[in-house]
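Written below as structure tokens is the structure these notes are about.
None of the figures in this text is laboratory data; all of them are computed from the coordinates on show. Computed from a prediction, not measured in an experiment: that's the story for all the values here. Cβ sites come from the backbone with ideal geometry, for glycine too, and all protein chains shown count toward neighbours.
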């Protein structure tokens, strides 16, 4: 991987905690292992929390989410965001809510029938626990901003850029900017599970720092974020869409975002596919790729070096996985960010892009 930082001189090996440091007012992001599901926890300098997607139902993922929240010193989750209606993203929400209070849920409209399988009689039962949650609900549409409290005088924003195949309008500056030369558009791809097309997309901004989380947005819709106008701009950290599956992570999107770091929320056999790794390696702005799991979908050498991978073993059953997390702490002024894997002691600090 181009410029991949794996030399020992670039790695600080001191162990680190998941707990948000309220003395230094860092903004923390924790990628929780839901075995190729979605579970990204944000803890703000003001002590508020946001959970983007809640993993699968069935006890395993909710327990891991609650453990990460507890380790971060949280007594509640202030905001839960559901990007789309697949079980690996919304299925664990009710079980999480049974163990730790959830304040407000931001969601797209709940479909009356399975969004992918018309006539599936099991949908009412599968969606019932989520529908029964008593938290306040807010409709998720492009332009919605999660009302996070500012802290330390540094601007903090978590904004929805797309949902239901609709995108925010470009700003005057974006309209005036010359289009990026992103290369030839690759052929379109058929999506096997269409509600992924509707996935909500978010950008977290803290000072000059920028982080992209697009849920499971798909190949054919990703370019709309950067062409003909770049609605996102350059980001520091790119969470791979759709767990690193080849049905997402269109090279036009990744080139348009010009990330410095990639974090892949994959499982050992879900996500982390060859074409996505090839795209990551081809984008010259990328210095490092972190993975929740070593991918067994590709030759071992295709993966990042082991120190950049939180979980190296293909545990069977998956419940027996050690479920190590990846953590990111953004400096109080937003000028740098440190990504660490507490389980193996890896820690490296990156400078935020000059905006």
Margin query: Taking every DSSP beta bridge with both residues inside segment 241-353, roughly what % is antiparallel (nearest 5)?
Written below: 60 percent
Checklist line | Ascending count of other beta-carbon atoms within 10 Å, so fewest first, for 138, 144, 254, 325 | finding: 138, 144, 325, 254
Check: What is the Å³ per residue value for the convex hull set by the Cα atoms of segment 208-249?
Finding: 61 Å³
Note to self: Cut-off 19 Å, label point 7 angstrom out along Cα-to-Cβ of residue 349: give me the residues of segment 284-306 whose amide nitrogen falls inside.
What the structure shows: 287-288
Next item on the list: Order by neighbour count: 168, 105, fewest other Cβ atoms within 10 Å first, most last.
Entry: 168, 105
Note to self: Shape verdict for the chain, please, from the Cα gyration tensor: rounded (a/c under 1.5), prolate (a/b greater than b/c) or oblate.
What the structure shows: rounded
Item checked: Fraction of beta bridges assigned by DSSP in the chain that are antiparallel (%, nearest 5) -> 60 percent
Next item on the list: Considering only 338, 205, 171, give the residue with the highest GNM mean-square fluctuation for the chain, with springs between Cα atoms whenever their separation is below 10 Å.
Entry: 171
Next item on the list: Quick one: compute the contact order of the chain, relative version, from alpha carbon pairs under 8 angstrom and 6+ residues apart, as a percent.
Entry: 19 percent
Next item on the list: Name the shape class, rounded, prolate or oblate, that the alpha-carbon gyration tensor gives for segment 85-148, where a ≥ b ≥ c are the square roots of its eigenvalues, rounded holds for a/c under 1.5, and otherwise prolate holds if a/b is larger than b/c and oblate otherwise.
Entry: oblate
Check: So for 353, 149, 210, fewest C-beta neighbours within 10 Å to most, what's the order?
Finding: 149, 353, 210
Margin query: Classify segment 123-211 from the C-alpha gyration tensor, please: rounded if a/c falls under 1.5, else prolate or oblate depending on whether a/b exceeds b/c.
Written below: oblate
